[in-house]
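The values are calculated or read from the model by the stated rules, or taken from the named source; none is laboratory data. Please read these numbers as outputs of a predicted model, since none were measured by experiment. Quick note on the areas: whole protein, heavy atoms, side chains included, nothing else; ligands and nucleic acids left out. Shrake-Rupley method; radii C 1.70, N 1.55, O 1.52, S 1.80 Å.
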Amino acid sequence: MPFATLFSNVASRLFSAAPPGGAGTVEPELVQLAVEEIVNAVDPRLRTLSRYRSKIAPGAERTIAHLRSLGSALPASIELSRAAWSADPLLNAFFATASDVPELLGRSEELRTFFAAPANASAMEVHALLGMLKTERSVFAPAIVNGALRQDVAQTTVSFAKHRLFAPAADVLDCRRQVGMLILRRMAELALERITALGESAVDLEQRKAMLGSRLRMLNLRRKGIEEIAGSAGEVSAEIALIEGELKATVDDYVEAKASLATLDSRIEHINAIFNAPADNVSLARTELRVNQMGYKLAEASGEQVSPLVLSELSIGSGLRIVIAFVRCPRVELPPREDLIARAAQELL
């Protein structure tokens, strides 16, 4: 199955209305469907194992229940336009200028593809997920302290970068379903990363084993060779003992890594390590942030009057943490492609 459509059947029901049994209930047929899609993603050979479904199903059920609980906390959709930038403090923080908004829309090929599709000819807007990285940096800058202007006051700037739009759809529910698909795909990738890392470790151990073996053979030749006249036999024997111990430990680790890598059961263990602990791998945090119009972070005791911004930060695995917002992108805000080409040409001058 192409990875672009992976989990689409599961995700189509992931952020839908709660099932009849309640929000914590996960339909058995949905669990089985999720199991099959996980197997498709990680290794279809897992189907040759007896009871593979029952081994993966508990983790799939936990993950679906967890993602549904996150679905209830997803932020409401906001309009992404130049006019909204002037009025919405959140968009004002996300983008430095109003012109950055149509520039982002114009860079999105997914948005252009959506609006160009005949089926969407009458669509005046598209729903999408806006993702970006938040950066905090310590600087020294002028500030009012106790009513007086002081220079070089330690402050923290907050900025957002690498904006990208995901999962464009005709309505917000379809967009949320596509986001669920992206999260499930990422979790499958985390399981594959663990398996790949194990393979790389086995290769490293094999190379180290070969190197230590060569070193040991050289020392044994030295101990029995003519060069003992110039050196200490005791030192060589001590080094041989040290290398022998290190080689044994390396061989044991290598055998364990190869055995784990070779078995399909170990792949199920890696899958379950991810899907049995969904809260450890996927989280959605809502945090308050107080910044002024210059992008400086304000302490609670600051006398400057600003409205706190509520950020939604999505974390998947240990290396991905982004600020997200569901947005409505008006068609009229999408600039013609030639405008982007002209702007790029001006920047090169």
- Note on the structure: Karplus ³J(HN,Hα) for the range 118-135 (6.51 cos²θ - 1.76 cosθ + 1.60, θ = phi - 60°; Hz, whole; x = Gly/Pro) runs x, 5, 10, 4, 9, 6, 8, 8, 10, 8, 7, 9, 8, x, 7, 9, 9, 10
- Task: Taking H placed 1.01 Å from N in the peptide plane, check which residues at least 5 places from LEU298 or on another chain put their amide H under 5 Å from its amide H.
- Result: ARG290, VAL291, ASN292
- Note down the accessible area of ASP152, probe 1.4 Å, to the nearest 10 Å². 110
- Using θ = phi - 60° and Karplus 6.51 cos²θ - 1.76 cosθ + 1.60, couplings along the range 56-62 (whole Hz; Gly, Pro as x): 9, 4, x, x, 4, 5, 4
- Using only the Cα atoms of the range 51-146, build the gyration tensor, take square roots of its eigenvalues as a ≥ b ≥ c, and label the shape rounded, prolate or oblate: rounded if a/c is under 1.5, else prolate if a/b is larger than b/c, else oblate. oblate
- Take the alpha carbon gyration tensor of the range 69-111, find the square roots of its eigenvalues, order them as a ≥ b ≥ c, and report rounded if a/c is under 1.5; if not, report prolate when a/b exceeds b/c, else oblate. oblate
